[in-house]
2 protein chains.
Amino acid sequence: MRAIDAKQSPDTRERILDAAEALFVEHGFEATSMRLITGRAGVNLAAINYHFGSKEALIQDVFRRRLTWLNEARLSALERFEKEAGGAPLKPHQIVEAFFGVSLRMAADTAHGGHTFMRLLGRTYTEPSAFVRQFLADEYAAVVPRFKQALFRALPDVPPEEILWRFHFMLGAMSYAIAGTDALQLVSGLELDEKDPEALSRRLMPFLLGGLRAPLAGPAAKTRNPRKAA
Amino acid sequence: MRAIDAKQSPDTRERILDAAEALFVEHGFEATSMRLITGRAGVNLAAINYHFGSKEALIQDVFRRRLTWLNEARLSALERFEKEAGGAPLKPHQIVEAFFGVSLRMAADTAHGGHTFMRLLGRTYTEPSAFVRQFLADEYAAVVPRFKQALFRALPDVPPEEILWRFHFMLGAMSYAIAGTDALQLVSGLELDEKDPEALSRRLMPFLLGGLRAPLAGPAAKTRNPRKAA
DNA sequence: GCTCGTTTCAAACGGACGTTTGAATGATAC
DNA sequence: GTATCATTCAAACGTCCGTTTGAAACGAGC
């Protein structure tokens, strides 16, 4: 009856994945109904449960389809730099390039859906749904420690905890820059130039490096007068 | 029958707003049912429609309750610096302090719900729902142009477009740092120290300033080999 | 041409959703 | 005590949700 683990019927499966990916970006997971997905994909409502098993499983497959490739690309970029360095610590800009540069290049690919997926991924970092969070944690388990270690070696004078915070901030700036394009208009009236998908990368990479290498704050916090919220 | 515009019944209204705020952060707008909200608030299901009119109106009131105050605090902080400067351009760190410092101080207020609200606000920047986006745009219309202009004056050597991008990146780093605490654990195993709510501010502000003042990229993009996504 | 496993399809399932209703309750003014 | 208002309450409304079902259509192997 069912063929949940099978690889058959490439057409229907791919059509569903494409439609779901686009609709998840547009409306979020909860607000995207299976009837909306199957309607856009031009397939029968029951096709999702037949091919994927459930809506949750579909969501996971939407991520798996591209995230595995993305993380492998990040790792191989890092390893290429490490081979070039021959045992010496990498430069910070190389590590940032390997992780964020690869991501931004995928986000610049509007032809094959990479752009849509990266918007979805950025949105999802703030998604509270438990099973999505767990899934992302598993997918990142292999790649994050490698980048952490590379950063520790590249910035021996910066406390490791500070590096982790800054990695977190960089991830946020990128995710938001990709996922929150509406907010960009809100703030500035700017719009992403579709003709030049590399523009974001050219703007963002210097910002990330500037933040990563910012001087450390002194031991005394420089906040002024803590104030209560209303 | 209805008293949608009235200010009566402070207790029920506030209980609903508090419960909704917390649950929206935890589950998102769509996944938070009115039965869940009223159950947590200890009020009758019909109370939301009676006091607010609809679920959408409740969502807007959850934001309005704190966002108006936040934006006024941002503006007054900016104006205080401008008065001190007496017509001279502000320092970048003052502008960043006025906008992001005020926000982070609200996010550090765990006692009066400011922390919960700032997490919700951060989440919402990537929320695609149309009416929420429009609402946020209206609320920010008065404050954003003021900060834009202050930044243009503070950084006369940086192209205005570049400044807008970097403001966008800073907003992303902060939103994500506040809203995506789960992702922080994912990346690093770090956890926010509840005992020291100022920690985030002390870490984030130098990062934001480092990114804002980062050297401009040369006219020639330094990307290497554009690659297609699978 | 028949068989068998895979895929598609229309229809229905129980349940949860946001909203509405009309009566009960409570408090205030006369 | 009675009238008047705002508020609370249990119950029900119609709709949409994710999922399941059983039959129809399809396609490859013999």
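Accessible area of A:Glu79 (1.4 Å probe, protein heavy atoms only, ligands and nucleic acids ignored): about 80 Å².
In the assembly of identical copies, B:Leu216 has its label point, taken 7 Å from Cα in the direction of the beta carbon, separated from the corresponding points by 3.3 nm (ascending, one decimal). Placing a label point 7 Å from Cα along the Cα-to-Cβ axis, B:Asp61 is separated from the same position in the other copies by 4.3 nm, shortest listed first.
How many Cβ atoms of partner chains, on average, are near each residue of A:159-168 if near means within 10 Å of its Cβ?
Details: counts 0, 1, 3, 3, 1, 6, 11, 6, 4, 15.
So the per-residue partner count for this stretch is 5.
What percent does the relative contact order of segment A:64-212 come to when contacts are Cα pairs within less than 8 Å and at least six residues apart? All intermediate terms of the calculation are to be shown ahead of the outcome.
On the way: 123 pairs, mean separation 44.7, N = 149.
Worked out over segment A:64-212, it gives 30 percent.
B:Lys55 exposes around 50 Å² of accessible area when a 1.4 Å probe is run over every protein chain in place. Remark: accessible surface ordering of A:Phe117, A:Phe131 (largest first) is A:Phe131, A:Phe117, probe radius 1.4 Å.
When A and B come together, around 7200 square angstrom of accessible surface is lost from both chains combined, probe 1.4 Å. Only protein heavy atoms count here; on that basis, with a 1.4 Å probe, B:Asp138 has an accessible area of about 100 Å².
Inter-chain neighbour count for A:119-127: the average number of beta-carbon atoms from partner chains within 10 Å of each residue's beta-carbon is 5. Inter-copy label distances at B:Ala141, using a point 7 Å along Cα-to-Cβ, come to 5.0 nm with the shortest given first.
The values are calculated or read from the model by the stated rules, or taken from the named source; none is laboratory data. Because the structure is predicted, anything quoted here is derived from the model rather than measured. Glycine also receives a Cβ, built like all others from the backbone with ideal geometry; neighbour counts cover every protein chain displayed. In case anyone asks, the SASA skips ligands and DNA or RNA and just uses the protein heavy atoms, side chains included. Shrake-Rupley method; radii C 1.70, N 1.55, O 1.52, S 1.80 Å.
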